[in-house]
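The values are calculated or read from the model by the stated rules, or taken from the named source; none is laboratory data. None of the values given here were measured: they were computed from a predicted structure. Cβ atoms come from the backbone with ideal geometry, glycine included; neighbour counts cover every protein chain shown.
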Amino acid sequence: MVHPSILGKNDRRCQGRFIGVMLAAPFFAAGAAVTLVTSGMGVAVTMAAIFATFGLCWFAALLVAASGKMAFAGQVALVMGSLALAGVIAAAGGMASPVAMLVVALPFEAWWIGASRRAALWGAASAFVAIPLQAFAGSVFPFGPAETAAWHWLLPLAWALTLVPRVAALGSPAGAQLDPATDDRLENIIDAVVLRAGRHGEVLDASAKARTILKLQPELLF
């Protein structure tokens, strides 16, 4: 699902991971919402929140897959993650609940996607903001009285299980670097600028060779 204009190995890996996280995150959020907030907010409001989460996350994934640009979508995802984390912790009874262990999820997911210390720091900052926010979430949303329960461990455990295949994948090569000599894309076979047109004749994408042949950024051609 990564945009075809993204050729760098690291860029494709980052965008692929972002799209994967955005596609999977709503299922985890839906499980947390059903178990934690249904009794306080009601079924209708809970279902609306779940559908909104699916829509926003999948729209972010579609935006990155269609445009090849992840900067804005990544920032929005961090804000959404911080707010969602604050709400889940508040609904579980506060920082005393095992659900609070999910604060480590934002830094890890940010590092997993961005593969840099800067990304991890932004994720840590978002998680840090969620800690004081959860204290105010109870006054904004009618979560109802919540007490710490043993089954609250299931949420951080479910997230921890997602780490197993990802950590295992770190020890194996994620894929060979795209090599123009072996890549069978048209733009790497011929020495020309390749334009991809839509059904109605509009230009949807331009190859990277526009920089060297036409002295123009590919984005200016569509």
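Among the listed residues Gly81, Gly93, Gly123, which satisfies the condition of being in contact with an Asp or Glu (Cβ under 9 Å, 6 or more places away or on another chain) and at positive phi? Before you say what the answer is, go through the steps one by one.
Details: Gly81 fails: at positive phi; Gly123 fails: at positive phi.
So the residue among Gly81, Gly93, Gly123 that is in contact with an Asp or Glu (Cβ under 9 Å, 6 or more places away or on another chain) and at positive phi is Gly93.
For the stretch 171-195, which residues satisfy the criterion of being surrounded by 10 or more Cβ atoms within 10 Å (Cβ to Cβ), within 21 Å of Gln15 (Cα to Cα) and either of a type in the set (A, V, I, L, M, F, W, C) or at pLDDT 75 or above (or both)?
Correct list: Ala174, Leu178.
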